[in-house]
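Engineer: Just passing along the structure, written as structure tokens.
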Amino acid sequence: MTDRDAIGYGPEGHSSGTLSAMENDLREAERRLQAAQLAGDVQALDELLDDRLIFTFGSDTFTKADDLELHRTKAQTMSKLEEEQLTVLVEGTTGVTWFLGLVEGSVHGSPFAARMRYTRAWAHDDSRGWRVVAAHASAVE
């Protein structure tokens, strides 16, 4: 566990002390999302992704329906999702997660392996918990 795994960070990266209950809940939601991606669990993904989701990868954007279809049809499968670092930030009912790690799998039959950085914006409400409303991914060296 890194310092950033144990401590909540504000917008400037300064420590705000130990993680709050909301930050812990968001960290758990991020890890449920990772597990659902790895397992191809469409039901769990449906619960964790907001209907308004826009996912950006390179110059392309995708919707929740696009993402669920990739998993439902197994056009995208993940065989490895290894977290190196996870940072969380919560402000009221809005949260952001920054994931860094190794992702392996296949898309439309073509294998891939990359070290990836994901930034996800989350919204929280008492009835549904944390849900991803926006995400961006990029490959990193």
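Engineer: Out of all the residues in segment 101-124, which are touching a strand residue (DSSP E or B) at 6+ places or on another chain (Cβ under 8 Å) and exposed (fewer than 13 other Cβ atoms within 10 Å of the Cβ)? Write out each step before concluding.
Structural biologist: Narrowing segment 101-124 to residues touching a strand residue (DSSP E or B) at 6+ places or on another chain (Cβ under 8 Å): 101-108, 111-124.
Within segment 101-124, Val107, His108, Pro111, Ala113 qualify.
Engineer: To continue, here is another question. When you scan segment 71-100, how many residues do you find that are on the phi > 0 side of the Ramachandran plot and surrounded by 12 or more Cβ atoms within 10 Å (Cβ to Cβ)?
Structural biologist: The qualifying residues number 0.
Where a number appears in this text, it was derived from the coordinates with a stated rule and is not lab data. Just so it is clear, the model here is predicted, and its values are computed rather than measured. Glycine gets a Cβ as well: all are built from the backbone with ideal geometry, and neighbour counts include every protein chain shown.
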